[in-house]
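The block underneath contains the structure these notes are about, expressed in structure tokens.
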Amino acid sequence: MYTCPMHPEIKSSKSGTCPKCNMMLVTVKDLKIEKEENSFTPFFIIIGLILITSLAISFKDFQVSNFVLNSFLSNFMAGFFIVFAGFKLLDLKGFADGYFTYDLLAKRWYTYGYIYPFIELFFGLSMILNFMTREVLIAEIIVMTFSGFGVLIKLLKKEKFSCACLGTFFKLPLTKVTLIEDFGMAVLALVLLFNI
């Protein structure tokens, strides 16, 4: 028996693609193994490494009496955007297929799923290059908030979807962690906006 990882209600006696999202169907046995492997551990390790790196850079600034909250936040956001964009770019088509299932804009314009990782990459590079203009920060707030609304709607409908935040490299369920990730980045961009 075959099923879709994104839409487990889809069942088929032969291999093929899901009629809802075009993802390849997998055997129920493989899906069960995959679900057992699903864990937020990689997500928290990645966020932890970005946080530790940002703190280490900020500690260096603190030692020379040059610590600035904005610098710490921009370092964290730069790491976040670049690393998360990188995971999405490892399998751009897979990300676009997954993002299409819950993002409000990607549902209407599939190509946006191909563009989104490059938007995140641009945001990250802007932070590194200290190109934090009001326009860039406002764009970050809009993009991350809009992305968060797609997640929120799916959570309110209690639909089960895989999160595409780390591309297809890690299989994460779409949960409140995804919501915190999107809205959290929007809040950090808002804090920077009011401090520039």
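The values are calculated or read from the model by the stated rules, or taken from the named source; none is laboratory data. In this text the structure is predicted, and so the values were computed from the model without any measurement. Counting neighbours? That spans all protein chains shown, and the Cβs are built from the backbone with ideal geometry, glycine included.
Suppose the filter is crowded, with 19+ Cβ neighbours inside 10 Å and out of contact with any Asp or Glu (no Cβ under 6 Å at 6 or more places or on another chain); does Asn75 pass it? Taking the combined requirement at face value, the residue satisfies it. Annotation: Ile138 fulfils all but one of (1) crowded, with 18+ Cβ neighbours inside 10 Å; (2) of a type in the set (A, V, I, L, M); (3) out of contact with any helix residue (DSSP H, G or I) (no Cβ under 6 Å at 6 or more places or on another chain); the unmet one is (1).
Scanning the stretch 113-138 for residues that are aliphatic (A, V, I, L, M) and either outside any helix (DSSP H, G or I) or within 18 Å of Phe194 (Cβ to Cβ) (or both) gives Met127, Leu129, Met132, Val136, Leu137, Ile138. When restricted to residues that are modelled with pLDDT under 75, under 18 Å from Pro117 (Cβ atoms) and of a type outside the set (Gly, Ala, Ser), the stretch 149-177 contains 9.
Cβ-Cβ distances below 9 Å connect the following pairs, each with a first residue in the stretch 7-20 that is small (Gly, Ala, Ser) and surrounded by 10 or more Cβ atoms within 10 Å (Cβ to Cβ), a second residue that is in a loop (DSSP other than H, G, I, E, B) and at pLDDT below 80, and a separation of six or more residues or different chains: Ser12/Met1; Ser12/Cys4. Among the residues in the stretch 101-112, are any touching a strand residue (DSSP E or B) at 6+ places or on another chain (Cβ under 9 Å), at pLDDT below 90 and in a helix (DSSP H, G or I)? Checked against the condition, which is being touching a strand residue (DSSP E or B) at 6+ places or on another chain (Cβ under 9 Å), at pLDDT below 90 and in a helix (DSSP H, G or I), the stretch 101-112 yields no hits at all.
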